[in-house]
Amino acid sequence: MNEFSITEPLFGIFQVLLLVVLSPLIVGIMRKTKAKSQKRVGAPIIQPYFDILKLVKKEEVVSDQSSWIFRCNPWVNFVATVSAAFFIPVSIVYSPFGVMGDILLVIGLFGLGKFFTILAGLDVSSSFGGLGSSREIMFSTLVEPALLITIFVIAIFYGGTNISTIVASANDISFLASPGVIFALIAFFIILMVETGKLPFDNPSTHLELTMIHEATVLEYSGKSLALIEWSQSIKQIILLTLFVNIFIPWGISNNFSLTEISFGIVLIIVKIISLGILIALIETRIAKWRLFRVPDLIAISIASSMIGVIFFFI
Amino acid sequence: MIFPTEINLLDISAVILLVATFGLIVSRGFSNWVNAYRYQTIVLAGIVALIASVSNIWELYIVSALTLGIKAVIIPKILFYVTKKLDSPIKLEIDPYVSMKLSVIISALLVAMSYFIFLYLDIKSNEIIQVFLPVSFALFFIGLFVIVSRRKALNQMVGLLTIENGLFLFAVSLTHGFSLIIEIGLMADILLGVIISSILLFRMSRTFDSIDIKNLESLRDD
């Protein structure tokens with residue numbers, strides 16, 4: 001353990017700011033990719049920033065049937081996702097705040113945000129909110145075992161649930177620790193698509209009541225609250241993408257605290273996240289929204305895949 | 001002499017084969033089954049070529065090319081031809097005996113079971129056997145499971161072909177290839193089996209207007 005210096009916490013805060021600031025850009029890039037592959041022109045890639053700015057300027061309308069839960073939900077969501085961002089190693093193999101929390105805490109913070117979103121959907125007495133809440137709770141109960149088994153696989157392969165440990169040992173191993181990690185990768189990719197509301201599960205860009213899941217729970221929001229909710233959703237997405245990149249393709253991430261390696265690491269992680277986002281957007285254009293009751297099939301694949309990952313560890 | 005990177009390559013190819021096999025379980029449409037079978041066979045041919053390069057047996061390259069030619073090109077062509085000619089109204093597995101999610105989890109357990117069976121076997125002499133023998137068991141069990149859990153006759157054919165792939169992998173990894181004559185004979189055998197079962201499929205479709213095997217269970221002469 002090296003001696004305490006002020007630069008490391010400062011760099012950690014800089015990393016969090018990087019994630020928070022860049023997150024709408026990734027959303028914009030994914031929308032642009034989808035538009036391009038569907039032969040549309042599409043909005044410019046910085047459109048999400050304009051959206052947030054516009055929403056901040058607008059007046060907020062709150063239903064008089066709602067309670068304090070409805071008003072505090074955007075803040076809880078935003079604070080939960082931003083504090084989850086503190087534990088993610090971005091461009092260096094360890095997070096300066098990583099001693100305080102591991103991957104289970106990150107999932108817990110996401111769960112807190114989701115819990116309040118579901119409560120807020122039920123809180124306003126609109127029928128859509130309840131519908132969206134019930135669908136969201138169904139998905140999250142189904143995803144929970146898949147997510148935990150996947151994390152179990154990653155933890156037993158890389159020696160601990162602390163994200164810094166996982167990323168450091170993933171970076172040490174030359175190519176792949178074991179074929180079990182490939183199965184964990186497949187499972188984690190499916191979970192990533194569920195959690196960020198991607199196409200076979202959810203289509204946040206439409207306002208049809210048949211396809212709405214996350215969208216229905218936040219339908220009543222307007223103004224600043226909506227801006228906060230959209231922003232925290234995009235931060236959650238970039239956190240999951242960063243986790244995916246750093247656990248499964250960590251090559252080039254900087255090992256020590258030198259300026260050249262860190263700047264190289266930052267450039268590399270941005271390139272990797274953007275390419276992963278483009279890949280996901282291209283996958284999204286190739287498939288249609290699935291029927292709600294077929295979604296458990298895909299989550300079952302995720303569970304089965306991570307189960308095989310566990311088996312590969314013990315043989 | 002096998003280097004660590006080569007063992008890694010063997011492991012990864014085994015994983016890709018397992019993933020391709022899972023594609024068979026999760027697909028519902030006719031062309032999806034045949035495509036899943038085709039991908040699986042292409043991976044299998046690649047694995048045979050890999051075994052050939054690791055163990056330096058040139059005959060296995062020919063076997064790999066034969067696999068690619070017969071199993072990945074000709075048999076899918078026959079199956080697609082059958083699918084096009086069938087006048088069955090529904091070309092989806094509507095309600096299999098076991099639901100999709102349950103069958104995925106059951107097949108994961110079957111993979112686990114094949115690895116546990118392998119733990120109790122006493123033939124772990126070399127790396128190729130260690131990597132591919134449990135996978136071949138898994139292919140065998142999954143093919144068997146597809147046969148007993150699906151209702152459509154075409155799907156059962158694909159399950160049979162998967163079992164055959166498992167046996168083929170078993171034989172290749174255990175013996176590093178039979179003599180070439182036997183291999184060619186086996187391929188011809190499979191080809192003939194597929195042709196005969198597609199003829200049976202035509203007759204079944206013409207008699208019952210569907211290829212649901214439930215129709216075969218009633219022994220009524222009318």
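Worth pointing out:
- Other residues with beta-carbon under 15 Å from the beta-carbon of residue A:287 carry, at +1 per Lys or Arg and -1 per Asp or Glu, a net charge of +4.
- Accessible area per residue for chain B, computed on protein heavy atoms with a 1.4 Å probe, is 47 Å².
- Helix-only arithmetic for chain B: the sum of -39500 (n - 2.57) across DSSP H runs with n ≥ 4, divided by the residue total, places the mean residue ellipticity at 222 nm at -25500 deg cm²/dmol.
- Look at the stretch B:112-120: the mean tally of other chain Cβ atoms within 10 Å of its residues' Cβ atoms is 2.
- Solvent-accessible area buried by B and A, counting both chains, probe 1.4 angstrom, square angstrom: 1700 Å²
- Think of each Lys and Arg Cβ as +1 and each Asp and Glu Cβ as -1; about the Cα centre, that makes the dipole of chain B roughly 680 debye.
- Estimated inter-spin distance, residue A:285 and residue B:123, nm [label 7 Å along Cα→Cβ]: 5.0 nm
- 3J(HN,Hα) couplings calculated from phi for the stretch A:51-65 with the Karplus curve 6.51 cos²θ - 1.76 cosθ + 1.60 (θ = phi - 60°) are, in sequence order, 4, 5, 4, 5, 5, 5, 6, 7, 6, 9, 10, 10, 5, 7, 7 Hz; Gly and Pro show x.
- Residue B:73/residue A:43 FRET efficiency (R0 56 Å; Cβ-Cβ; nearest 0.05): 0.80
- Here residue A:172 and residue A:100 are evaluated by their C-beta separation; at R0 = 22 Å the FRET efficiency comes out at 0.40.
- At least 30 Å² of accessible area lost relative to the chain alone, listed for the stretch A:279-315 with a 1.4 Å probe: A:294, A:297, A:300, A:301, A:304, A:307, A:308, A:311, A:312, A:315
- Overall, the accessible surface of the stretch A:54-179 at a probe of 1.4 angstrom is composed of carbon and sulfur to the extent of 69 percent.
- Accessible surface of the stretch B:28-134, 1.4 Å probe, proportion on carbon and sulfur as whole %: 66 percent
- Magnitude of the charge dipole, the stretch A:10-106, Cβ model with Lys/Arg +1 and Asp/Glu -1, debye to 20: 700 debye
- Per residue, in Å², the accessible surface of chain A once ligands and nucleic acids are set aside, probe 1.4 Å: 44 Å²
- Protection proxy ranking, highest mean first, for peptides B:193-205, B:13-25, A:129-141: B:13-25, A:129-141, B:193-205, where packing is the per-residue count of other beta-carbon atoms within 10 Å, averaged.
The values are calculated or read from the model by the stated rules, or taken from the named source; none is laboratory data. All values reported here derive from a predicted model rather than from experimental measurement. A quick note on method: Cβ atoms are made from the backbone with ideal geometry, for glycine too, and the neighbour counts reach across all protein chains shown. What goes into the accessible areas is simple: the full protein's heavy atoms, side chains included, and nothing from ligands, DNA or RNA. Shrake-Rupley method; radii C 1.70, N 1.55, O 1.52, S 1.80 Å.
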